[in-house]
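Participant: What follows is a single structure, and I will ask about it in a moment.
The values are calculated or read from the model by the stated rules, or taken from the named source; none is laboratory data. This one's a predicted model, so the numbers in the text were calculated from it and none came from an experiment. Glycine also receives a Cβ, built like all others from the backbone with ideal geometry; neighbour counts cover every protein chain displayed. Only protein heavy atoms, including side chains, enter the accessible area calculation; ligands, DNA and RNA are left aside. Shrake-Rupley method; radii C 1.70, N 1.55, O 1.52, S 1.80 Å.
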Amino acid sequence: MNAKVGGRAFVAVLFAVTMLFLAAQGSAEVKVPQIFGSNMVLQRDMPLPVWGWAEPGEAITVQYGDSTEKTTADAKGEWKVKLPAQKTGAPRTLTVACKDKTVQFENVLIGEVWFCSGQSNMEMGIHMCNDADPEVNNANYPDIRLFRVEHAVSGIPSLDCEAHWDICSPQTIKTGGWEGFSAAAYYFGREIHKTLGVPVGLIQSAWGGTRVEPWTPPVGFAEAPELKDLVAVIDQANQKYAEAMKPVFGDFQAWLTASEQAVAEGKLFPPCPPLPRHPLEPDLYGGHPDRPTVLYNSMVYPIAPFAIRGALWYQGESNLDDPLYAEKKAALINGWRKIWGEGEFPFYFVQIAPFNGYDDKGCANYGADALPMLWQEQLAVLDVPNTGMIGTYDITDLNDIHPKNKQDVGKRLALLALAKTYDKKDVVYSGPMYKSMDVKDGKAVLHFEHVGAGLVSRDEKPLSWFTIAGEDKQFVPAEAKIVGGTVVVSSEKVAQPAAVRFGWSKVAEPNLSNKDGLPALPFRTDKW
């Protein structure tokens, strides 16, 4: 996006909306966003940004334990400090104070914080998944803290979100829409907590049925030449919004003045003049948030730059048949990393499960190959530094787009983090991944990475879901055998193999695995 982000008028609108928020909150008091609260977890071993709002020029003091930082609110009433990195220890109090107001947050821990986002399979609560009752009843983990962001949409960046921190318990884990806190996130956090023995904070910001574009910041799109059309859509929408604001801007400014007077006199605010809807926002009545940036603005922007260790992502179904999904997801990752300002933090995601309910006729780009091509797009995202993906086809349900085994999803994500982020050397974190193919004596010899303790058929039956083709590009079912650390693939119908595909179907549940229990990821050797 260009530096003007829709022009000067849009900047003026954003400033006015900021002032609206401050007026509504009572700017005479120091305020912080909802991501700061009692019972929260702050990220260990990392500088800790704390920010908020106050009267312009107000002196602000932030204290946590023995650490104190001071600053002054700027002309917009905004302020920010960075506390020095902290070690884990006993719960303490975070205090934010100005001349006339002190805000205290109790029972604050230092540990590991993960941002967990995506669509319905990330949002799916623990009470909707396997072994719901015993899992809920056993969810007594006072050092795991939960922060669930409520659904919201905005065409411009929101200053805050609706959420609060909870101590993990049988009561809090099942609270909220779609039957509780994210099961995938909780099982990940539980594994990290048990293995590392440190507090864990989980931030759930997910919305079922959403595409990747609404979650992506403008800066992410701006750095991807393939996505210039989306940049234009955002710019045009911002310009239209700025133009629509011009006729009401005077009334809005007058309302701000009247509101400030009401605050000073202890009276109710006057009615706010009606403001136009941003063009990127869905219609008030039943619209779905599928336009670029509208969930980033409302459900991600208010969280950043709260210090996190990394992000988990479980999404892709709504971008089925999207030939630019890899570029869009890379834009999401790179954009988040820029707005957080922590460098290339870990980003781990879940391969979408096979499901026989996908409509091939609705897939104009790939037809019956739509899901395998999405898997290929997901694999391509692994070229982005410090990313990782887990496979799921062995823990799925072909008749349910929302597989209920989220325990293994969380555990596998945790394996990625333990090995790649926390440097646990003895952890096998991936199933076999295709590396290369040789052709010898009329057979294709496949080589793999991440074989762990060795290749195996997980059900002890002949290897399944391999196909092979010659130069005619006609794939036929193939015989596949494990030979040492390789798989040898052949068919009497193909004298000279040119390509092999594995698990290349929306209903594929292959049995190739490593002895560590992690499934081989679907692949194709061709680029046809």
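Participant: Length gain on complete extension for the stretch D472 to S67, per 0.36 nm per residue less the alpha carbon to alpha carbon distance?
Facilitator: Numbers: separation 405, 0.36 × 405 = 145.80 nm, distance 6.92 nm.
Gain in length upon complete extension: 138.9 nm.
Participant: Right, another one. I need the phi-derived Karplus couplings for the range 312-323: 6.51 cos²θ - 1.76 cosθ + 1.60, θ = phi - 60°, integer Hz, Gly and Pro marked x.
Facilitator: Couplings: 10, 9, 9, 6, x, 4, 6, 9, 4, 6, 9, x Hz.
Participant: In deg cm²/dmol and to the nearest 500, what is the mean residue ellipticity at 222 nm of the chain if only DSSP H runs of at least 4 residues count, each as -39500 (n - 2.57), divided by the residue total?
Facilitator: -8000 deg cm²/dmol
Participant: Still on this structure, please answer the following. Among H402, H164, what's the order by accessible area (1.4 angstrom probe), most exposed first?
Facilitator: Numbers: H402 45, H164 110 Å².
Greatest to least solvent exposure: H164, H402.
Participant: Something else about it: Compute the relative contact order of the chain as a whole-number percentage, counting only Cα pairs closer than 8 Å that sit 6 or more residues apart in sequence. If you can, show how the numbers build up before the last one.
Facilitator: Details: 1212 pairs, mean separation 70.8, N = 528.
Normalised by residue count, the contact order of the chain is 13 percent.
Participant: Loop only by DSSP, 12 or fewer other Cβ within 10 Å of the Cβ. Give me the trypsin sites (Lys or Arg not before Pro) in the range 266-357 that pass, ordered by residue number.
Facilitator: Answer by residue number: K267.
Participant: Once both labels are modelled 7 Å past Cα along the beta-carbon direction, what's the K411-E223 spacing in nm?
Facilitator: 3.6
Participant: Accessible area, 1.4 Å probe, largest first: how do K440, K99, K80 sort?
Facilitator: Ranked list, largest accessible area first: K99, K440, K80.
Participant: Using the basic label-point model (7 angstrom from Cα toward the beta carbon), what is the S464 to Q34 distance in nanometres?
Facilitator: 4.5
Participant: Residue by residue through the range 205-213, what is 3J(HN,Hα) from phi via Karplus (6.51 cos²θ - 1.76 cosθ + 1.60, θ = phi - 60°)? Round to whole Hz and write x for glycine and proline.
Facilitator: 9, 9, 8, x, x, 8, 7, 6, 4
Participant: Suppose all protein chains stay in the model; what accessible area per residue would a 1.4 Å probe give for the chain, in Å²?
Facilitator: Averaged over the residues of the chain, the accessible area is 42 Å².
Participant: For the range 249-328, calculate the relative contact order in percent as a whole number, restricting contacts to Cα pairs under 8 Å that are 6 or more residues apart.
Facilitator: Normalised by residue count, the contact order of the range 249-328 is 14 percent.
Participant: Just check the range 63-216 against the gyration tensor rule for me: Cα atoms, a ≥ b ≥ c as the square roots of the eigenvalues, rounded for a/c under 1.5, and otherwise prolate or oblate depending on whether a/b exceeds b/c.
Facilitator: Numbers: a/c = 2.32, a/b = 1.35, b/c = 1.72.
Oblate, since a/c reaches 1.5 and b/c is not below a/b.
Participant: Between T257 and H447, what length in nm is gained on full extension when 0.36 nm per residue of separation is reduced by their alpha carbon distance?
Facilitator: 61.4 nm
Participant: Can you compute log10 of I(q)/I(0) for the chain with the Debye formula, treating each Cα as one identical point scatterer, at q = 0.05, 0.06, 0.11 Å⁻¹?
Facilitator: -0.23, -0.33, -1.01
Participant: Would you calculate the convex hull of the Cα atoms in the range 414-528 and tell me its volume per residue in Å³?
Facilitator: Numbers: hull volume 13.1 nm³, N = 115.
Hull volume normalised by residue count: 114 Å³.
Participant: A follow-up question, please. Which ³J(HN,Hα) values in Hz, rounded to whole numbers, follow from the phi angles of the range 471-484 under the Karplus curve 6.51 cos²θ - 1.76 cosθ + 1.60, where θ = phi - 60° and Gly and Pro get x?
Facilitator: In residue order, the calculated couplings are 5, 6, 6, 9, 7, 10, x, 10, 8, 10, 9, 7, 10, x Hz.
Participant: Let me ask something else about it. Where in the range 434-520 are there GluC sites (Glu not before Pro) that are in a DSSP coil and have at most 14 other Cβ atoms within 10 angstrom of their Cβ?
Facilitator: Passing sites in the range 434-520 are E460, E471, E492.
Participant: About its Cα centre, what dipole magnitude does the chain give when the only charges are +1 on Lys and Arg Cβ and -1 on Asp and Glu Cβ, stated in debye to the nearest 20?
Facilitator: For this selection, approximately 800 debye.
Participant: Probe radius 1.4 Å, ligands and nucleic acids ignored: give me the carbon and sulfur share of the accessible area of the range 401-479 as a rounded percent.
Facilitator: Roughly 47 percent, rounded to a whole number.
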